[in-house]
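Visitor: Sharing a structure here in structure tokens format.
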Amino acid sequence: GENVEQHPSTLSVQEGDSAVIKCTYSDSASNYFPWYKQELGKRPQLIIDIRSNVGEKKDQRIAVTLNKTAKHFSLHITETQPEDSAVYFCAALINDYKLSFGAGTTVTVRA
Amino acid sequence: GAVVSQHPSWVICKSGTSVKIECRSLDFQATTMFWYRQFPKQSLMLMATSNEGSKATYEQGVEKDKFLINHASLTLSTLTVTSAHPEDSSFYICSARGGPSEQFFGPGTRLTVL
């Protein structure tokens, strides 16, 4: 089955700095890659997604890049703020309908 | 946007009892819903795919006789944890498929089995 690897598992950044989280996937047929932010005890919240026909997508301080050849995609958060502190999950759509999640990255933004 | 609800938000039960969790799509119809389990400080693990009007598809290692799934309508799927034990204590999250790719997540149900 699809294996999504995510790194790092924890990330501590100074407020205002950038944060980068990287994921790799194994199924070359995967064509949809969402990123979720999850706060403790809450549901995962979609923050950005990218499809395989696009190499990069940006939404204000958040951007995602996709390298289909290398089968990896990354989340970039610029100008981090304390409210960006949360657990972030990458995912890949497999078999055209179900999501396989990475292990998660705990991001801490230091004020 | 698409809204998915879950009920209850938390439940505490005694070992050996059964617990039913409901997942509803409030403003759209969902032929496919998903059930995930999330242990503390871990990722979401897909348990099963719930298809309206047909049997659920379970992921490898998930006991279908223990985790009963019913998707009787286009807006409701239920997960019943039968004969619950402390090791079943977890955060159970459902999602509803809202298009070719997107999933909309419910708020989750915290199950504690004593």
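Every number in this text was worked out from the coordinates using simple rules, so none of it is lab data. Values in this document were obtained by computation on a predicted structure and should not be read as measured data. Neighbour counts run over all protein chains shown; Cβ positions are idealised from the backbone, glycine included.
Visitor: What is the Cα convex hull volume of chain A when expressed per residue in Å³?
Guide: Working: hull volume 10.2 nm³, N = 111.
Here the figure is 92 Å³ per residue.
Visitor: So, how do all the Cα-to-Cα distances of the protein assembly as shown break down into 5 Å bins, in percent, from 0 on up?
Guide: The percentages, shortest bin first, are 1, 7, 15, 18, 18, 16, 12, 8, 4, 1, 0.
Visitor: Shifting gears a bit: Strictly over 23 Å apart at the Cα level, which of A:42/B:64; A:42/B:41; A:22/A:68 would you flag in this model?
Guide: Beyond 23 Å between Cα atoms: A:42/B:64.
Visitor: Further, regarding this structure: Sum up the charges of everything whose Cβ sits under 15 Å from the Cβ of residue B:109, counting Lys and Arg as +1 and Asp and Glu as -1, but leave residue B:109 out.
Guide: +4
Visitor: What would the Debye formula give as log10 I(q)/I(0) at q = 0.09, 0.11, 0.15, 0.24 Å⁻¹ for the alpha-carbon point model of chain B, no solvent?
Guide: Computed log10 I(q)/I(0) values: -0.20, -0.31, -0.58, -1.45.
Visitor: Right, here's the next one. How much FRET efficiency would the formula 1/(1 + (r/R0)^6) give for residue B:54 and residue B:83, where r is the Cβ-Cβ distance and R0 is 25 Å, rounded to 0.05?
Guide: After rounding to 0.05, the efficiency reads 0.50.
Visitor: Straight distance only, please: which aspartates and glutamates reach the Cα of residue A:71 with their own Cα at less than 19 Å, same-chain residues fewer than 8 apart left out?
Guide: Filter leaves A:2, A:5, A:27, A:49, A:56, A:96.
Visitor: Given H placed 1.01 Å from N in the peptide plane, which residues other than close sequence neighbours of residue B:31 have an amide H under 5 Å from its amide H?
Guide: Residues meeting the amide H criterion: none.
Visitor: Turning to a different aspect of this structure: I need the peptides A:21-30, A:47-56 ranked by packing, meaning the mean over residues of other C-beta atoms within 10 angstrom, with the highest value on top.
Guide: A:21-30, A:47-56
Visitor: What percentages, rounded to whole numbers, describe P(r) for region B:1-55 computed over all alpha carbon pairs with 10 Å bin width beginning at zero?
Guide: For region B:1-55, the binned pair fractions read 18, 44, 34, 5 percent.
Visitor: While we're looking at this one, here's another question. How about residue B:20: which aspartates and glutamates have a C-alpha closer than 17 Å to its C-alpha, ignoring those fewer than 8 places off in the same chain?
Guide: Straight-line reach from residue B:20, under 17 Å: B:63, B:65, B:87, B:88.
Visitor: Of chain B, which part is the longest with no trypsin sites (Lys or Arg not before Pro) in a loop (DSSP not H, G, I, E, B) and with at most 11 other C-beta atoms within 10 angstrom?
Guide: Of all site-free stretches, the longest is B:42-114.
Visitor: Follow-up question, since we're still on this one. Tell me, in nm to one decimal, what length is gained between residue B:42 and residue B:12 on full extension, where the rule is 0.36 nm per residue of separation less the Cα-Cα distance?
Guide: Working: separation 30, 0.36 × 30 = 10.80 nm, distance 2.10 nm.
Length gained, residue B:42 through residue B:12: 8.7 nm.
Visitor: Rank B:49, B:15, B:113 by how far each Cα sits towards the positive end of the charge dipole of the protein assembly as shown (+1 on Lys, Arg Cβ; -1 on Asp, Glu Cβ) and give me just the farthest.
Guide: The one lying farthest along the dipole's positive direction is B:15.
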